[in-house]
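Before any comments, here is the structure.
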Amino acid sequence: MVEATITTQTGRLDKVLTTIFPQYSRSQIQQLLEQGNILVNETLQKGKYKVKAGDKISLTEPAIKELEVEPENIALDIVYEDDDVIVINKPQGMVVHPAPGHEHHTLVNALLYHCPLSTINGTYRPGIVHRIDKDTSGLLMVAKNDQAHRSLAKQLKDKTNLREYVALVHGRIKEDSGTIKAPLARSPKDRKKQAVVSGGRDAVTHFKVLKRYQDYTLVSCCLETGRTHQIRVHMKYIGHPLVGDPMYGPKKTLKGKGQFLHAAKLGFTHPKTGEFLTFEAPLPEIFEKQLAYLDKTNKIK
C-alpha cells in the first residue's frame with residue numbers, strides 16, 4: 001500500500017491523483033477508484049470528489065497480471081527472411097507487441113506462430129528490436145535469435161542503420177530539406193503524449209520535401225534517433241503536423257485510418273554475413289489514394 005497526505009494540491013480527486021501517482025494515467029486512476037483500490041480518509045470516493053488539504057490518500061496497487069503471449073495464425077507480409085532476421089511490412093492498424101489490455105492479434109503473436117524469435121526482450125517483446133506505432137505502416141526488422149538481436153540493437157544505438165519514412169503533413173514547407181534537433185520526453189501536460197521538453201532525450205530527424213500541394217506537403221524523414229512518436233512530434237514542432245494524426249494533428253484533417261506515415265525504407269548490416277541490406281516497401285493503398293485525390297483537388301495554384 002502507498003499512502004500520501006494532501007498538502008497543497010486541491011481540486012478533482014482523479015486529476016490530483018495523476019500528480020501524486022504519475023505512473024498511472026487518468027483512465028487507470030479512474031479504474032482504480034472504481035475497483036476500490038484508492039481510498040480517501042479510508043473511504044471510497046468518486047473521481048469528482050474535491051480534495052482538501054489534510055486528506056489522506058491510500059493506494060493499494062493491483063496485482064500484476066501475467067500476460068500469456070499466444071502464437072496466432074495471422075498472415076504476414078514478409079519482405080525478407082533467413083535464419084537470423086526477418087523483415088516485415090507491417091500493416092496500418094496492427095500493434096507490434098502485446099501489452100495489458102491488448103494481448104492478442106499483435107505482430108508478435110503472428111511472428112511466434114511463424115518462426116522462433118530472440119529471447120532478449122523477454123516474453124512480451126521477443127525479437128522486437130525497434131517499433132513503429134499501431135497506425136504507422138511499413139518495415140520492421142525482427143531478430144530470430146539472440147546473436148542477431150544484439151547486433152541489430154547495437155546498430156540502432158550506433159546509428160549505423162537506415163530508417164526512412166514517408167509522411168504527409170499539413171501546410172506547405174518552404175525549405176527543400178532540413179534537420180530537426182529537439183529533445184523529447186513525456187509531455188508534462190498529458191502523460192499519453194510525447195513533447196519537446198528541455199532536458200529530454202536527444203532526438204534528431206532529417207526531412208526532405210518530395211512534393212508540395214496547396215495545403216499539404218509530402219516529405220521523407222530519416223531518423224537519426226528513434227524516440228517514441230519522434231516524427232509525429234517533431235513535425236508538429238515545426239508547424240507541420242501529420243495528416244490524420246489523432247494525437248498530435250489538428251481536428252480538421254483528411255480522413256484516413258490514423259496518421260499518414262509509412263516506414264518506406266530500411267537498411268542494416270546483416271548480423272552474420274556483414275552485408276548491408278536495404279529494403280523498400282510501397283505506400284499502402286489508402287496512402288496512394290489520398291495522394292491521387294490531392295493531385296486532382298489540391299494542386300498549387
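For segment 250-261, name all the residues that are crowded, with 24+ Cβ neighbours inside 10 Å and either part of a loop (DSSP other than H, G, I, E, B) or on the phi > 0 side of the Ramachandran plot (or both). Reasoning before the result, please.
Keep residues of segment 250-261 that are crowded, with 24+ Cβ neighbours inside 10 Å, which gives 259-261.
Correct list: Gln259, Phe260.
In summary, Gln147 fulfils each of the numbered conditions (1) within 24 Å of Gly274 (Cα to Cα); (2) modelled with pLDDT of 95 or more; (3) within 20 Å of the chain's Cα centre (by Cα) with the single exception of condition (3).
Of all the numbered requirements in (1) in a loop (DSSP other than H, G, I, E, B); (2) crowded, with 18+ Cβ neighbours inside 10 Å; (3) more than 18 Å from the chain's Cα centre (by Cα), Thr119 misses one, and that requirement is (2). Candidates in segment 236-279 are the residues that are within 22 Å of the chain's Cα centre (by Cα) and of a type in the set (S, T, N, Q); of these, the one that is nearest to Ile78 (Cα to Cα) is Gln259.
In the set (1) touching a residue at least 40 places away in the same chain (Cβ under 8 Å); (2) surrounded by fewer than 11 Cβ atoms within 10 Å (Cβ to Cβ), the condition left unmet by Asp176 is number (1). Residues in segment 122-153 that are more than 20 Å from His229 (Cα to Cα) and crowded, with 18+ Cβ neighbours inside 10 Å: 9 in all.
Residues of segment 226-244 that are within 13 Å of Tyr165 (Cβ to Cβ) and modelled with pLDDT of 95 or more: His229, Gln230, Ile231, Arg232, His234, Met235, Leu242. Kindly establish whether Asp55 is among the charged types (D, E, K, R), buried (at least 17 other Cβ atoms within 10 Å of the Cβ) and not assigned by TED's automatic domain parsing to the domain that holds Thr225. Yes.
Rundown of residues vs (1) under 20 Å from Leu139 (Cα atoms); (2) buried (at least 16 other Cβ atoms within 10 Å of the Cβ), yes/no style:
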position	(1), (2)
Lys236	no, yes
Tyr248	no, yes
Phe287	yes, yes
Leu291	no, yes
Asn298	no, no
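When segment 14-66 is filtered for residues that are hydrophobic (A, V, I, L, M, F, W, C), at pLDDT 85 or above and assigned to a loop (DSSP other than H, G, I, E, B), the ones remaining, listed by number, are Leu44, Ala53. The set of residues from segment 265-288 being touching a Gly at 6+ places or on another chain (Cβ under 8 Å) and in a loop (DSSP other than H, G, I, E, B) comprises just one member, Ala281.
The values are calculated or read from the model by the stated rules, or taken from the named source; none is laboratory data. From a predicted model like this one, the values you see are computed outputs, not experimental measurements. So basically every Cβ, Gly included, is an ideal-geometry build from the backbone, and we count neighbours across all protein chains shown.
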